[in-house]
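The values are calculated or read from the model by the stated rules, or taken from the named source; none is laboratory data. Note that the coordinates shown come from a computational prediction; the quantities given were computed from them, not determined experimentally. Cβ coordinates were reconstructed from backbone atoms using ideal geometry, including for glycine residues, and neighbour counts include every protein chain displayed. These area figures cover heavy atoms from the full protein model, side chains too; ligands, DNA and RNA do not enter into them. Shrake-Rupley method; radii C 1.70, N 1.55, O 1.52, S 1.80 Å.
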Amino acid sequence: MKTIRTLCLVACSAAFTGAASAEVVIAAGAASPLAGLSKTQVAEVFLGKAKTVGGKPTKPVDYAGSPKSEFWDSYLGKSSDQLKAHYAKLQFTGLGGPPKELGSLADAKKLAAEDPSVIIYLDKAQVDSSLKVISP
Amino acid sequence: MSGGGRSNTGEYTMRTPIAAAVALALAGPAVGQEARFDWLAVSGFGTLATSMTDDPAVGFRMPFQKNVKADTWATDVDSKLGLQFDVNRGGEFSGVLQVVAQQRDKGDYKAEVEWANVMWTINDSWRVRAGRMVTPVFMLSDSQNVGYSMVPVRYAREMGDNYPLSRHDGAEVIFGAELGPGRLQVQAFGGVTSYNTASTSYKADAIFGAAATYSTGPWTFRASGTSVQLKAVGNSANSLSAIATALANPALAPLCPNCKEESQNFQDIVDGSSGVFFGLGMSYDEGAFYGHAEYGIRQGSAIVPDTSGLLLLGAYRWRTLTPFISYSMSTTSIDEAPVIATPAGSPAAFRALAGAVNGVYYGQATDRSAITIGSRWDFYRNVALKVQAEFVEHEYDSIPMGGTWPRVAGTTYDGKVNLYTASIDFIF
């Protein structure tokens, strides 16, 4: 019985550790006119369905080390496999593909600061003065 | 329209490149992270599959393929390999070249260019591309080669057979805009192409069409219309013209009241006839649930019959498994009664002519319904294993069907056949 309790404690600890994952937000450059995007709008942009939001050009950008699984789960509602199948359809019909992936968050922040149409997703704790949160 | 052999010529020549591509998929990065330089990206897709009908009286193949096997495993029906080069993807001017190798009308594997075009992204709403592109007649027409992008092994032939041609050389204008709570995309296209089956070569002098797609959240709705001017060419045109000439013989009039009309039909497919295609479809893709419903029709002319197709598919994702079930059906304007009847005692030459005419129509009379049950398993990065069983019921069991379901001569058929398929789809 003691062994079972120990196993339960370990399992519960692991579960709570897993739950303490990044809180993902969507951000654009501080000077961007983009604001107040809904989850659906964010999903349409990152899935390659929308190139504008409210008439404003919107370009999704990814980067190495981004909190992908949290973003896919909370905004796109799709698994990695589902997304690959979706992007394969776009890519092999010549109409797009996954968002451009930069080397680091720093590169993504720099691009967002330069191009007001760029949007990125990141851990809320990593938002700085060069960015503004546009969703949620 | 029917025909076929059991040759596997070329089947083995593709094994090495397909195996290499599988290895690349297993080892390589995900789609979108392919070998990409500033201006060039190289990627690909492929399918390794085996399929078998459980009835020695009827086989299964793609409509443009020659080989057909019945009651024996065939690996050259769905197996294919595609390689794509993207130049400056996402830029103002971009280009794409996609080559796909699969079994074709001669029975051997042949690589053909499916996409080769240059696209100008004028602004966020307008794009124009010119060159070669796959014709987007129905919902999955332009992506049906990419097995990895679909839940089942293949796009239901009950939809795809309404428009068996693949691509066109021409131009396309794509307009996209926000509309209400969603996005509207309109594609208008035009061009020319050629198309070969094992028995007939065709040339399409004018393909024009438009497709409107509206997506909002998990919902996608699509409506399309396409018009094609089609004519038979080469040796097959000579054979069809010879039939037309023979049918026009005034001496046949007492024996065959509709021979004159049929003569015109056979001559029209040589001179050029029109076909019109309409499609309506919708899909739902949210979380664990995926649904697809589609209806399409073809208004044929000359010897090309009217057809219709229906597809209903539902899938549920559970971890890496996606079990699905679908119902599909297709109809043609051909029925079991012969177009040209042969009264008892009619001359042998007339019976032979009637047989040739009726054979052309019977080869297209694959009216059927199918229930398909299967599952996709995303068991490894960039690779999916699929298994499915199709329970097919043909409307006519006594005629020599062709196209995707060729009958094997000298056999009897009860109209029911099951098709089992296992495939590995991959991207790299």
(request) Hey, can you tell me all the residues within the range B:276-317 that are under 24 Å from B:E395 (Cβ atoms), among the hydroxyl-bearing types (S, T, Y) and open to solvent by 40 Å² or more (accessible area, probe 1.4 Å)? (result) B:Y295
(message) Out of the residues in the range B:397-424 meeting the condition of being in contact with a helix residue (DSSP H, G or I) (Cβ under 7 Å, 6 or more places away or on another chain) and of a type in the set (S, T, Y), tell me which one is farthest from B:E336 (Cα to Cα).
(response) B:S423
(message) Conditions first: (1) at pLDDT below 95; (2) in contact with an Asp or Glu (Cβ under 8 Å, 6 or more places away or on another chain). B:P250 passes all but one, so which condition is the exception?
(response) (2)
(request) Answer yes if at least one residue in the range A:106-113 is at the interface with chain B (Cβ under 10 Å from one of its Cβ atoms), farther than 30 Å from B:T320 by Cα and open to solvent by less than 30 Å² (accessible area, probe 1.4 Å), and no otherwise. (result) no
(request) Answer yes or no: is there a residue in the range A:82-101 that is in contact (Cβ under 8 Å) with a residue 40 or more places away in the chain and among the aromatic types (F, W, Y). (result) no
(request) Restricting attention to strands (runs of 3 or more DSSP E) lying wholly within the range B:130-240, give those where 2 or more residues are among the acidic types (D, E) and away from chain A (no Cβ under 14 Å). (result) none
(message) Any residue that is of a type in the set (K, R), open to solvent by 20 Å² or more (accessible area, probe 1.4 Å) and part of a strand (DSSP E or B) - is there at least one of those in the range B:245-262?
(response) no
(request) Output the number of residues of the range A:41-63 satisfying the condition of being touching a helix residue (DSSP H, G or I) at 6+ places or on another chain (Cβ under 9 Å) and exposed (fewer than 15 other Cβ atoms within 10 Å of the Cβ). (result) 1
(request) Could you grab the pairs with beta carbons closer than 8 Å, sequence gap of 6+ or different chains, first residue in the range B:110-129 and within 11 Å of another protein chain (Cβ to nearest Cβ), second one surrounded by fewer than 17 Cβ atoms within 10 Å (Cβ to Cβ) and of a type in the set (D, E)? (result) B:T121/B:E92
(request) Kindly indicate the residue of the range B:79-99 that is buried (at least 19 other Cβ atoms within 10 Å of the Cβ) and either more than 24 Å from B:V173 (Cα to Cα) or of a type in the set (K, R) (or both) and also farthest from the other protein chains (Cβ to nearest Cβ) among those meeting that condition. (result) B:S79
(request) Identify, by number, the condition in (1) modelled with pLDDT of 95 or more; (2) part of a loop (DSSP other than H, G, I, E, B); (3) among the aromatic types (F, W, Y) that B:F324 doesn't meet. (result) (2)
(request) May I ask you to verify whether B:Q388 is open to solvent by less than 40 Å² (accessible area, probe 1.4 Å), assigned to a strand (DSSP E or B) and touching a Gly at 6+ places or on another chain (Cβ under 8 Å)? (result) yes
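Kindly provide the set of residues from the range B:350-379 that are over 19 Å from B:P400 (Cβ atoms) and either among the small types (G, A, S) or at pLDDT 95 or above (or both), ordered by number.
B:S369, B:A370, B:I371, B:T372, B:I373, B:G374, B:S375, B:R376, B:W377, B:D378, B:F379 - these are the residues of the range B:350-379 that are over 19 Å from B:P400 (Cβ atoms) and either among the small types (G, A, S) or at pLDDT 95 or above (or both).
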(request) Output the number of residues of the range B:324-381 satisfying the condition of being open to solvent by less than 70 Å² (accessible area, probe 1.4 Å) and acidic (D, E). (result) 2
(message) Tell me yes or no: at least one residue of the range B:216-225 is open to solvent by 20 Å² or more (accessible area, probe 1.4 Å) and closer than 27 Å to B:K66 by Cα.
(response) no
(message) I'd like the full set of residues that are farther than 17 Å from B:S43 by Cα, among the small types (G, A, S) and at pLDDT 95 or above, limited to the range B:122-153.
(response) B:A130, B:G131
(message) Condition check: of a type in the set (A, V, I, L, M), open to solvent by 60 Å² or more (accessible area, probe 1.4 Å) and touching a Phe, Trp or Tyr at 6+ places or on another chain (Cβ under 7 Å). Does B:L321 satisfy that?
(response) yes
(request) Being of a type in the set (F, W, Y), open to solvent by less than 30 Å² (accessible area, probe 1.4 Å) and within 12 Å of chain B (Cβ to nearest Cβ) is the filter here, so list the residues in the range A:64-105 that pass it. (result) A:Y87, A:F92
